[in-house]
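Notes to accompany the following structure.
The values are calculated or read from the model by the stated rules, or taken from the named source; none is laboratory data. Just so it is clear, the model here is predicted, and its values are computed rather than measured. For neighbour counting, all protein chains shown are included, and Cβ atoms are generated from backbone atoms with ideal geometry for every residue, glycine included.
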């Protein structure tokens, strides 16, 4: 199983400015559930709280209120039931690709032949069986991201969390890795929650798209594209793809920047503004 739920999650920061003390609400009672084996995209304008929500789900940050559960059990800090892929691979530069993947497994307590065999299994899964002895500086950006994905998958998490994993890559490499991620999901059936600013990517990869505005859930959009998704060019040219993309585009612009809609342009939450959206 690998169901992850954010339940009434809020995150507040207090800022001391020349005009006094102000409270920033990065997240305001955010609630949604990613079902076992589902792929869900988090999308919204910059500063709406997407990455904060993901980091709280991983245990890298603590919520001011609310909780995150994995299969009904509340999380407390990081755990091996969740794996994280960052926007930049964040590899250890002095280690080879193989050793970078082995590092997480060693932290989990794996030793001996199983250590190398498991690392090799996941490097092969991401297409890097011929590059295992290269260090990060000897790998392209796309190859580094593949190592990051292999490292996260190798610990066999229930939930894979991804923060704009392809955002720093060129368009061609990004499209290649999108296709590879679809193949990985088809093989592993992992639950995936990922952040993106790319509407095409959200529709192409996800089963549902969570649209955020002002630290809140604005809408959840179902993606009516069947799996497996193999012919990506055909999918991108389909009417269902275009209609879903346009629906999300409209949702992103609904109420964006509206007075009193939650967090203002400076990121400061006004007094007396309440509300949240929940969907399970």
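Residues are listed down the side, and each one gets a yes or a no for (1) in contact with a strand residue (DSSP E or B) (Cβ under 8 Å, 6 or more places away or on another chain); (2) modelled with pLDDT of 60 or more; (3) within 17 Å of residue 182 (Cβ to Cβ):
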{"site": "233", "(1), (2), (3)": "no, yes, yes"}
{"site": "238", "(1), (2), (3)": "no, yes, yes"}
{"site": "260", "(1), (2), (3)": "no, no, no"}
{"site": "275", "(1), (2), (3)": "yes, no, no"}
Exercise. Somewhere in the stretch 23-35, is a residue surrounded by fewer than 20 Cβ atoms within 10 Å (Cβ to Cβ) and without any contact (Cβ under 8 Å) to a residue 60 or more places away in the chain?
Worked result: no
Problem set entry | Failed condition for residue 84, given (1) surrounded by fewer than 20 Cβ atoms within 10 Å (Cβ to Cβ); (2) in contact with a strand residue (DSSP E or B) (Cβ under 9 Å, 6 or more places away or on another chain) | (1)
For this session: Report, by residue number, each residue of the stretch 91-110 that is part of a loop (DSSP other than H, G, I, E, B) and either touching a helix residue (DSSP H, G or I) at 6+ places or on another chain (Cβ under 7 Å) or crowded, with 16+ Cβ neighbours inside 10 Å (or both).
Result: 91, 92, 93, 95, 96, 110
For this session: Kindly state which strands (runs of 3 or more DSSP E) lie completely within the stretch 1-82 and contain at least 3 residues that are out of contact with any helix residue (DSSP H, G or I) (no Cβ under 7 Å at 6 or more places or on another chain) and farther than 24 Å from residue 204 by Cα.
Result: 4-17, 20-34, 65-70
Exercise. How many residues does the stretch 162-185 hold that are under 15 Å from residue 40 (Cβ atoms) and either free of Cβ contacts under 8 Å to residues at least 60 places away in the same chain or assigned to a helix (DSSP H, G or I) (or both)?
Worked result: 3
For this session: Give me a count of the residues in the stretch 195-215 that are at pLDDT 95 or above, in a strand (DSSP E or B), out of contact with any helix residue (DSSP H, G or I) (no Cβ under 7 Å at 6 or more places or on another chain) and crowded, with 20+ Cβ neighbours inside 10 Å.
Result: 1
Exercise. Taking the stretch 111-133, which residues are in contact (Cβ under 8 Å) with a residue 24 or more places away in the chain and either surrounded by 16 or more Cβ atoms within 10 Å (Cβ to Cβ) or in contact with a strand residue (DSSP E or B) (Cβ under 6 Å, 6 or more places away or on another chain) (or both)?
Worked result: 118, 119, 122, 123, 125, 126, 127, 128, 131, 132
Problem set entry | Those residues of the stretch 216-227 which are under 22 Å from residue 26 (Cβ atoms) and in contact with a helix residue (DSSP H, G or I) (Cβ under 8 Å, 6 or more places away or on another chain), in sequence order | 218, 219
Problem set entry | Long-range neighbours under 8 Å by Cβ, at least six apart or interchain, first residue within 13 Å of residue 200 (Cβ to Cβ) within the stretch 235-264, second modelled with pLDDT under 95 and part of a loop (DSSP other than H, G, I, E, B) | 235/229
